[in-house]
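**Student:** Here it is: the structure, laid out below.
Computed from the coordinates by the stated procedures, all read-outs in this text should not be read as laboratory data. Just so it is clear, the model here is predicted, and its values are computed rather than measured. Note: ideal-geometry Cβ built from the backbone for every residue, glycine included; neighbour counts use all protein chains shown.
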Amino acid sequence: MTFGTPEAPGGAGEPDATAGDGPAPGSEADAGTADPGTADPAARTGAASETGAASETGARSGPWKRPAPTLTTDTARPEGGGRAAPGDAPAPARQWPLLTVLGLAGFGLLVVGTDAFAQAFRVGTMLVGVALLAGAALRRMLPSVGMLAVRSRFTDMITYGVMGGLIVLLALMVQPEPWLRIPFLEDVLHLTVT
């Protein structure tokens with residue numbers, strides 16, 4: 001079985017070592033590639049033993065070339081993943097959407113961590129959820145958001161929006177004294193925890 005395609009004249013592949021269409025009839029290279037019914041079996045085995053390394057790896061001499069391996073050497077930038085400001089702007093300005101989301105989420109975590117007032121946990125957690133919702137809104141409205149773009153625009157919007165909405169919803173329902181009561185969700189929560 002032969003792999004590859006024949007080299008076209010003037011193609012981008014390696015040039016053929018011979019000037020003609022193939023090896024000359026009766027040569028050693030011809031003995032290894034000749035039709036099994038017409039060549040001497042001893043000559044075929046002799047040629048195969050001389051080129052054992054080449055036959056083990058699947059490489060062949062002549063006009064047939066092995067196809068190039070298909071390896072991914074780079075990752076494509078996600079849609080909208082270009083910088084959010086011109087290239088001559090400082091690095092923070094080029095990544096301002098991501099820094100906005102991270103700054104708001106970090107501020108929410110700081111509020112939770114310091115526990116400065118009675119509802120600090122609830123307010124800080126809501127700030128983290130609002131940061132993700134802001135990320136979904138920025139991903140929708142801006143053509144380029146820099147490193148805030150991770151996947152396609154639709155997938156990022158759904159991921160940021162659903163996670164942010166759930167965090168805000170759970171922060172509103174946290175016990176004791178929830179700010180929002182949804183009986184169905186309270187029953188589901190009690191069934192899963194107990």
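**Student:** Give me the distance in nm between label points sitting 7 Å out from Cα along the Cα-to-Cβ direction at Trp179 and Ala120, one decimal.
**Tutor:** With each label point 7 Å from Cα toward Cβ, the separation is 1.7 nm.
**Student:** List the residues whose amide H sits under 5 Å from the amide H of Arg66, counting only those 5 or more places along or on another chain, with H placed 1.01 Å from N in the peptide plane.
**Tutor:** Arg60
**Student:** Using a Förster distance of 22 angstrom, determine the FRET efficiency expected from the C-beta separation of Ala91 and Leu142, and round it to 0.05. Show your work: numbers first, answer last.
**Tutor:** Working: r = 18 Å, r/R0 = 0.80.
In this case the efficiency is close to 0.80.
**Student:** Here's a follow-up. Obtain the nm distance between the two label points defined at Leu191 and Thr155 by a simple spin-label model: each point lies 7 Å from its Cα along the Cα-to-C-beta direction.
**Tutor:** With each label placed 7 Å out from Cα toward Cβ, I get 3.3 nm.
**Student:** Still on this structure: Please report, in whole Å, how far the alpha carbons of the range 68-174 spread along each principal axis, starting with the longest.
**Tutor:** Projected onto the principal axes, the Cα atoms of the range 68-174 cover 63, 32, 26 Å.
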